[in-house]
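Asks: Handing you a structure now.
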Amino acid sequence: MADDITDSDGAPAAEVRRAPFDEALSERYLAYALSTITSRSLPDARDGLKPVHRRLLYAMRELKLNPQSGFKKCARIVGDVMGKYHPHGDQAIYDAMVRLAQQFAVRYPLVDGQGNFGSIDGDNPAAMRYTEARLTAIADLLLDGIDEDAIDFRGTYDGEGQEPVVLPAGLPNLLANGASGIAVGMATSIPPHNAAELCEALIHLIKHPKATIEKLIDFIPGPDFPTGGVLAEDRATIAEAYATGRGSFRVRARWEKEELKGGQYQIVITEIPYQVQKSRLVERIAELVMDRKIAMLADIHDESAEDVRIVLEPKSRNVDPDVLMETLYRQTDLETRFSLNMNVLVDGGRTPKLVNLREALQEFLDHRHEVLIRRSEHRKAQIERRMEILEGYIVCYLNLDAVIRIIREEDEPKQVMMQTFELTELQAESILNMRLRSLRKLEEFEIRKEYDKLAEELEGLIALLGEEDLRWKTIADELRALKKTVGPDTELGRRRTEVAEAPQTVEVPLEAMIEREPITVVCSAKGWIRAMKGHLASDADVKFKEGDGPKFMLHAQTTDKLLVFATNGRFYTVGCDKLPGGRGNGEPLRLMLDLSNEHEFVQLMVHDPARTLLVASSDGRGFLVKETDVVAQTRNGKQVLNVSGKVEAAVCRPAEGDHVAVIGRNRKLLVFEREDLPEMTRGRGVMLQKYRDGGLADAKLFTLKEGLTWRIGERTRTETDLTAWIGKRGQAGRLPPPGFPRSNKFD
């Protein structure tokens, strides 16, 4: 069977290996996952670059697009990268190059772009045929030493050329510019940092290799985003994130208050959080204003030019700007969280690992140490070769006439010179290649001077390669020089993101988020609810569906919360601003809650935080509960009265008074003191009244001096002499006074 299998050319296959499908699939998927992790998505801890970025910078260097040269078309650059190093789509390569040139996307741009490279509003860049680019001075730092055997090279995808495995990286680019990427089963998200602060931390880590994260945070207080903003996070949270390599940072927009005439003012936003599109942010705030979701804000204007200037107009001068901004922070991207997930490639770019801040800095230092050794050895070899040549030149000058005679007369002058003057092959070849103009006496002096200078440099390199402490001192000196280049006194190096304490809790009244308007909440017997504008009279003509009718009708404000108590003993909370409008028949209330069809609504009321409620079940058990303890935060509601089996929640009333009146379905009335009723947050409660048969019909609290009131039709009746019905909680009671409703309800 295997002999019948052929390859694509029709020839018999050399080898056929049979394997279960799941095994073959897992092997191939693992290979794909590892390729994605190591060759596409995660940055190398040493230079902080992914392969596409590294290939871009190297290709631009090969095109001699250094900062002092002219620009070249991006299409030319993308073509070189795609054809020689990166066999992927041209648009993906161009997108990567565009991001390296965007000053609002990269803290230290590596590409100097000319033309339309997009904007902070989210505008797309121009096509690559219209834009031009070259390297920046920061990119030069990353490439410095690449020709001095500082790093390894490997073959390109087609085997026709060489590409760097990693760049020498004279800048701690991983943390300076950050990185983000999604691989298979893992992701990375590293915010940008201030390079000068990184240099200080690296110098300290050289002196104190076991420095703690707490100490390193003294130098690196937090990320430094290219768009500025305010890092509103406490030190403990930042320390924990850097110590574990995972966490998040809260970033807020920077704003200021501008005074206007007549005591008016406006708020001006000058910096927005990193990776937030300004145009989308302005649209979102405008939508909130139009939908009346921010009652304190009147209008918004985008007056940005090259800088960011978003103007917010409050509705009145009495609006607290801090409360207004806190409202916007909660509802818009004026406050965002940037995640920290320092998954990077270590062990020479072979192994993905979650590193902490110290490990990330140490990876850079170890790389720079290796680069220094390799560059020093390369320079040492160059000097030794040059000194060998210079020694041959000196021999030539000392025996100039003999050298000239040998060259003129001998058939093999190189071999003769090597034997006569004990020269090496390199020295003899160099003498033969020397120009006649170099035979001046002045050149001999210059050669001896060059030889002495090289000898001094060689001595320093030998000392450097032989002493590790001297190498670390050299790296520290390089970092100090880098700090001057990107220091806080330079426009590029100044810190842009302000580090502030975690924001204090600012109470934002609901009125600040929702415009306060009077409404009438109408709920039908079948549970259809709506909010009608204004406070309607109790006898107002309200239409219902055929076969349906009124059940609850109450006055409220759009800023109120609505409490719903159901037969399952749970309280549900609905914002009055979320109720459907008065047009039509409304919507089923139970669809707005997580309430099944087997349960019904017992009570609907406007939430009053100062109030206490009486809740009771059909078997005569109940208790008092503060209304603040029944507010639910989710659609699932909050269980307050525990019921089971055939027992259901039956009563929910405001607890106003000093005595409790309870009547059962057996038409027995009992009155007892409020003190006998406990206050709880959840439970079955205590027995209010005993029943031989039936259960609880109704219960309420009242003031004994004012008497017990009940409604009969349109009239009300009050009984002040209740001596006969006053007893102890849990007794059976006796028949109510004459004229009590046959429904056994107080109203």
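Taken together, the values in this text are just the output of simple stated rules run on the coordinates, not laboratory data. Model, not experiment: these values are computed from the prediction. So basically every Cβ, Gly included, is an ideal-geometry build from the backbone, and we count neighbours across all protein chains shown.
Asks: Quick check for the stretch 361-485: number of Lys pairs with alpha-carbon distance under 20 Å, counting only pairs 8 or more apart or on different chains? Could you put the intermediate results ahead of the total?
Replies: Details: 380/449; 380/453; 380/473; 441/449; 441/453; 473/483; 473/484.
Close lysine pairs found across the stretch 361-485: 7.
Asks: Return the sequence-ordered ³J(HN,Hα) values of the stretch 570-581 in whole Hz as given by the Karplus equation 6.51 cos²θ - 1.76 cosθ + 1.60 applied to θ = phi - 60°, using x for Gly and Pro.
Replies: Running phi through 6.51 cos²θ - 1.76 cosθ + 1.60 with θ = phi - 60° gives 9, 9, 10, 10, 10, x, 4, 6, 9, 6, x, x Hz.
Asks: Cα extents of the stretch 254-333 along the three principal axes, largest first, in whole Å?
Replies: Per principal axis, max minus min of the Cα coordinates gives 36, 28, 18 Å.
Asks: Would you mind checking the tilt of helix 357-398 against the longest principal axis of the Cα atoms of the chain, expressed as 0 to 90 degrees and rounded to 10?
Replies: 10 degrees
Asks: Please list, or write none, the lysines whose alpha carbon is within less than 24 Å of the alpha carbon of residue 72, excluding same-chain residues fewer than 8 places away.
Replies: 50, 64, 84
Asks: Relative to the present Cα-Cα distance, how much length would full extension add between residue 465 and residue 405 at 0.36 nm per residue of separation? Walk me through the numbers before you get to the answer.
Replies: Values: separation 60, 0.36 × 60 = 21.60 nm, distance 4.34 nm.
Fully extending the segment from residue 465 to residue 405 adds 17.3 nm.
Asks: Which whole-number value in Å³ per residue fits the convex hull of the alpha carbons of the stretch 49-174? Write out the running numbers ahead of the final one.
Replies: On the way: hull volume 12.3 nm³, N = 126.
Each residue corresponds to 98 Å³ of Cα convex hull volume.
Asks: Using Cβ counts within 10 Å as a stand-in for footprinting exposure, how do 333, 539, 619 rank, fewest first? Please list the in-between numbers first.
Replies: Numbers: 333 19, 539 6, 619 22.
Ascending Cβ contact count within 10 Å gives the list 539, 333, 619.
Asks: Among residues other than residue 471 whose Cβ falls under 13 Å from its Cβ, what is the net charge (Lys/Arg +1, Asp/Glu -1)? Walk me through the intermediate numbers first.
Replies: Details: positive: 368, 374, 375, 473; negative: 366, 370, 377, 467, 468, 469, 477, 478.
Net charge around residue 471: -4.
Asks: Further question on the same structure: Give, rounded to the nearest 20 debye, the magnitude of the charge dipole that the stretch 516-603 has about its Cα centre when Lys and Arg contribute +1 at Cβ and Asp and Glu contribute -1 at Cβ. Please report the intermediate quantities before stating the final value.
Replies: Numbers: 12 positive and 11 negative charges, 32 e Å.
Around 160 debye, computed over the stretch 516-603.
Asks: P(r) tail for the chain, what percent of Cα pairs lie past 37 Å? Working shown, then result.
Replies: Details: 178151 of 278631 pairs.
In whole percent, the long-distance tail amounts to 64.
Asks: Next question. In whole Hz and in residue order, list the ³J(HN,Hα) couplings for the stretch 93-105 that follow from phi through the Karplus curve 6.51 cos²θ - 1.76 cosθ + 1.60, θ = phi - 60°; x for Gly and Pro.
Replies: Once rounded to whole Hz, the list reads 5, 5, 4, 5, 5, 4, 5, 5, 9, 7, 5, 8, 10.
Asks: Just to confirm a number: summing +1 for Lys and Arg and -1 for Asp and Glu over residues other than residue 301 whose beta-carbon lies under 14 angstrom from that of residue 301, what do you get? Write down the numbers at each step before the final one.
Replies: Values: positive: 278, 309; negative: 258, 283, 299, 302, 303, 313.
Combined, the nearby Lys, Arg, Asp and Glu give -4.
Asks: What are the equivalent ellipsoid semi-axes of the stretch 222-301, built from the alpha-carbon gyration tensor (square roots of five times its eigenvalues), in whole angstrom, biggest first? Working shown, then result.
Replies: Numbers: eigenvalues 189, 49, 28 Å².
Square roots of five times the eigenvalues give 31, 16, 12 Å.
Asks: Evaluate E = 1/(1 + (r/R0)^6) for residue 323 and residue 743, where r is the Cβ-Cβ distance and R0 equals 60 Å; express this FRET efficiency to the nearest 0.05.
Replies: Details: r = 49 Å, r/R0 = 0.82.
Computed FRET efficiency for residue 323 and residue 743: 0.75.
Asks: For the chain, find the longest principal axis of its Cα atoms and tell me its angle to the long axis of helix 278-290, 0 to 90°, nearest 10.
Replies: Taking Cα atoms only, the helix is inclined about 10 degrees.
Asks: Convex hull over the Cα atoms of the stretch 516-603, averaged projected area in nm²? Numbers along the way, then the final one.
Replies: Values: hull surface 21.6 nm².
For the stretch 516-603, averaging the hull's shadow over all directions gives 5.4 nm².
Asks: Something else about it: What are the lysines whose alpha-carbon lies under 16 Å from the alpha-carbon of residue 257, with same-chain residues fewer than 8 places away excluded?
Replies: Output for residue 257: 315.
Asks: At most 14 other Cβ atoms within 10 Å and a DSSP loop assignment: could you name the GluC sites (Glu not before Pro) in the stretch 409-506 that fit?
Replies: Within the stretch 409-506, the qualifying GluC sites (Glu not before Pro) (loop, at most 14 other Cβ atoms within 10 Å) are 410, 422, 467, 491, 501.
Asks: Something else about it: So, with +1 on the Cβ of K and R and -1 on the Cβ of D and E, and no other charges, what is the size of the charge dipole of the stretch 303-405 about its Cα centre, to the nearest 20 debye? Each step should come with its number before you reach the end.
Replies: Numbers: 16 positive and 19 negative charges, 108 e Å.
Here the stretch 303-405 has a charge dipole of around 520 debye.
Asks: Count charges around residue 208 for me, please; just the other residues with Cβ under 11 Å from its Cβ, Lys/Arg as +1, Asp/Glu as -1.
Replies: On the way: positive: 207, 210, 215, 358; negative: none.
Counting the neighbours of residue 208, the net charge comes to +4.
Asks: Moving on. Determine one quarter of the surface area of the Cα convex hull of the stretch 115-212, which equals its mean projected area, and express it in nm² to one decimal. Write out the running numbers ahead of the final one.
Replies: Details: hull surface 43.6 nm².
Over all viewing directions, the stretch 115-212 projects a mean Cα-hull area of 10.9 nm².
Asks: For each of 167, 297, 536, 260, count neighbouring Cβ atoms within 10 Å of the residue's Cβ, then give the residues from fewest to most.
Replies: Lowest count first: 260, 536, 297, 167.
Asks: Using the Karplus curve 6.51 cos²θ - 1.76 cosθ + 1.60 with θ = phi - 60°, work out ³J(HN,Hα) for each residue of the stretch 51-68 in order, rounded to whole Hz, and write x for Gly and Pro.
Replies: x, 5, 5, 5, 5, 4, 5, 5, 5, 5, 5, 5, 7, 6, 8, 6, x, 8
Asks: Would you please name the GluC sites (Glu not before Pro) within the stretch 298-378 that are DSSP coil residues with at most 16 other C-beta atoms within 10 Å of their C-beta? If you can, show how the numbers build up before the last one.
Replies: Working: sites: 303, 306, 326, 335, 359, 363, 370, 377; in loops: 303, 306.
Passing sites in the stretch 298-378 are 303, 306.
Asks: Which residues' amide hydrogens lie under 5 Å from the amide hydrogen of residue 297, considering only partners 5 or more residues apart or on another chain, with H built in the peptide plane?
Replies: 315
Asks: Right, here's the next one. Using Cα positions and a limit of under 17 Å, work out the aspartates and glutamates in reach of residue 526, with same-chain residues fewer than 8 apart set aside.
Replies: 546, 548, 587, 594, 598, 600
Asks: Would you mind computing Rg(Cα) / (2.2 N^0.38 Å) for the stretch 680-719, counting N as its residues? Can you show the working numbers first?
Replies: Numbers: Rg = 14.2 Å, N = 40, 2.2 N^0.38 = 8.9 Å.
So the stretch 680-719 has a normalised radius of gyration of 1.59.
Asks: Here's another thing I want to ask about it. Can you tell me the orientation of helix 441-466 relative to the chain, as the angle in degrees between its alpha-carbon axis and the longest Cα principal axis, to the nearest 10?
Replies: Between the helix axis and the principal axis of the chain, the angle is about 40 degrees.
Asks: Per Stokes-Einstein, at 20 °C and 1.002 mPa s, what whole-number D in µm² s⁻¹ belongs to the stretch 361-485, with the Kirkwood radius over Cα pairs as the hydrodynamic radius?
Replies: 125 µm²/s
Asks: Per DSSP H run of at least 4 residues, take -39500 (n - 2.57); add these up for the chain, divide by its residues and hand me the 222 nm value, nearest 500 deg cm²/dmol.
Replies: Values: 19 runs with 234 residues, N = 747.
The helix-only estimate for the chain comes to -10000 deg cm²/dmol at 222 nm.
Asks: Also: Among 53, 659, which comes first, then next, by fewest other beta-carbon atoms within 10 Å? The partial results should precede the final answer.
Replies: Details: 53 25, 659 20.
Least crowded to most crowded, the residues run 659, 53.
Asks: Can you give me the relative contact order of the chain as a percent, contacts being Cα pairs under 8 Å and 6 or more apart?
Replies: Values: 1396 pairs, mean separation 67.2, N = 747.
In percent, rounded to a whole number, it is 9.
Asks: How do the peptides 177-185, 44-52 rank, highest first, by the average count of neighbouring beta carbon atoms within 10 Å per residue?
Replies: Descending mean neighbour count gives 44-52, 177-185.
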